[in-house]
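Notes follow the structure.
No value in this document is a laboratory result; all are computed from the given coordinates. Worth saying up front: this structure is predicted, and the values here are computed from it rather than measured. Note: ideal-geometry Cβ built from the backbone for every residue, glycine included; neighbour counts use all protein chains shown.
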């Protein structure tokens, strides 16, 4: 099992390093969001909004960009994971998947290798987004991520776990769809139908306070909301949060575990000899 | 000792109504090269898929190296090598990486995988290109790489599904040279599907002709050709005298057809009949000016058993279209 897993992971990582342009293109979208959307959507400049009121709406974040930068971590987890599932579809198209299925490699190794290798990009992108957002604060004319609370070791570990769990969750979702679906058209239609509503029913991009109550209720249980809540609470303080970050982290872990169970059932079925 | 490949009444039905394979049964003996020939859509690939644990049969059973395929598909995959019809090598990896990763998929250690990859690259004559991306390989090199991938775990049974499809005659000959060498050195049992009849004739010990999902004839190439009545001898005499009756009396001659001074004889063995026919004609006062002996080809065998000519460039068959239709139907949830 370990040898099969190791061989398949090696293949995935080799392919990733052989296509640096795909990494660059994948990173371009979050950078543009940080540079354009994050800078342009300056809620603080709106008339009538006090600094305290704004900070309340932004759950403790000192400005919209800081609030948004944490949300971008959830955003890149969704967008970067799409490619991981698409790669499964292309492997089917080019016969590579048929070769793998023709070997006794266990389905856990086939799935697990793609999960681990496929999560490298979203996790890497998430950290790059945070680093870039912090660097922006030191560039004149740009808003940047302003971390107002002191992030200790526990906080840093919680942030790391949140980033890893949200990446695992969406990569698992994308891979499951990739294993179940055979055509790129159907795959992209399916991920768009799932990912965009997931993103827009979270508080990743717009402030919690501006949402209607019904959307706030949905957003409370959204995995992206849970992940960014761990980040925001650690970076901006816990005064406006109902629960400590560990609770949100536990909720996120439950989502990732649930998604993992669904994936195990569906992918094992998809990898069985065809009927 | 059980035969390495046993198929008993294998049936594959798609969508509940399209029968791609209609109950095929056969055994392949140890060390044998068994050819499965038939036109596109005859059921060749479906049969290979069922034998190699890629497709579940609707009914019937397959036993590979004593292991029931349906009960233990993973064990079967461990014991067989498969070279698929289409290219399955990863074009973005080098030839060496493709082989090393394939070794890992069979649970072979990294070190052992490296050694086996090096040996196979050398053997498959792609050593010089081993560090190049597989997407830069020629068709023949890619096929040899596919063969290397199929052999990385040293199986004793090898399934080849249209292995030389798309290769030029030189590439086909080279590929078969490797297979013959492997059979000789390692005692491989080979199951090959092909629609190149000359390949089956030349390289297979036994052949099954499949058409519309049913095996219509089986035997050695010689046996199959003998079923047509043996050789065809064509004689031309130097006189206008009719020697049909004389030739009919020659032992071994089955039928005689005359056209002017030419005679077409169907006989069990041309080698035996020719000297006797020459002698008989000479005694009858008619000298033979030309003689030719033709062994029946597998094309003629196919024609005999299926009632139609074998064409290598056929498009999708009616069965192919029906299977595709059934799959699309099932993808749409069976709605009309």
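Here are some notes:
- DSSP assigns beta bridges within the stretch B:5-225; of those with both partners inside it, close to 55 percent run antiparallel.
- Taking all Cα-Cα distances within the stretch A:2-271, those exceeding 27 Å account for 39%.
- Computed over chain B, the per-residue total of -39500 (n - 2.57) for DSSP H runs of n ≥ 4 gives a 222 nm mean residue ellipticity of -11000 deg cm²/dmol, rounded to 500.
- For the pair the stretch A:89-110 / the stretch B:23-39, the C-alpha centres are spaced 27 Å from each other.
- Computed over the alpha carbons of the protein assembly as shown, Rg followed by Dmax gives 33.8, 126 Å.
- Average other protein chain Cβ within 10 Å of Cβ, residues B:96-107: 6
- FRET E, pair residue B:154, residue B:254, Förster distance 51 Å, beta-carbon r, rounded to 0.05: 0.55
- Computed from the alpha carbon atoms alone, the convex hull of the stretch A:155-243 holds 103 Å³ per residue.
- Residue order, fewest to most beta carbons within 10 Å, for A:242, A:225: A:242, A:225
- Computed extension length for residue A:35-residue A:268: 79.7 nm, one decimal, from 0.36 nm per residue of separation with the Cα-Cα distance subtracted.
- Taking the helices alone, chain A has a mean residue ellipticity at 222 nm of -24000 deg cm²/dmol, built from -39,500 (n - 2.57) per DSSP H run of at least 4 residues and averaged over all its residues.
- Fewest-first ranking of B:56, B:96, using other Cβ atoms within 10 Å as the exposure measure: B:56, B:96
- Beta bridges from DSSP with both residues in the protein assembly as shown: antiparallel share about 65 percent, rounded to the nearest 5.
- Comparing A:42, A:195, A:222 in a Gaussian network model of chain A (Cα springs below 10 Å), the most mobile by mean-square fluctuation is A:42.
- Proxy reagent accessibility, fewest Cβ within 10 Å first, across B:101, A:89: A:89, B:101
- Averaging the Cα positions of each part gives two centres, and for the stretch A:142-201 and the stretch B:100-168 these lie 38 Å apart.
- GNM flexibility winner over chain A from A:160, A:58, A:205 (Cα, springs under 10 Å): A:160
- Largest GNM mean-square fluctuation across B:221, B:169, B:73, computed for chain B with C-alpha springs under 10 Å, falls on B:169.
- Volume in Å³ per residue [convex hull over Cα atoms, computed for the stretch B:131-208]: 100
- Overall shape: prolate for the stretch B:5-225, with the ratio a/c of the largest to smallest alpha carbon gyration tensor axis at 1.5 or above and a/b above b/c.
- Compactness of the stretch B:229-294 as Cα Rg over 2.2 N^0.38 Å, two decimals: 0.94
- Projection of the Cα convex hull of the stretch A:41-175, averaged over all directions and equal to a quarter of that hull's surface, yields 10.8 nm².
- Put the Cα centre of the stretch A:9-44 next to the Cα centre of the stretch B:263-296 and the gap is 81 Å.
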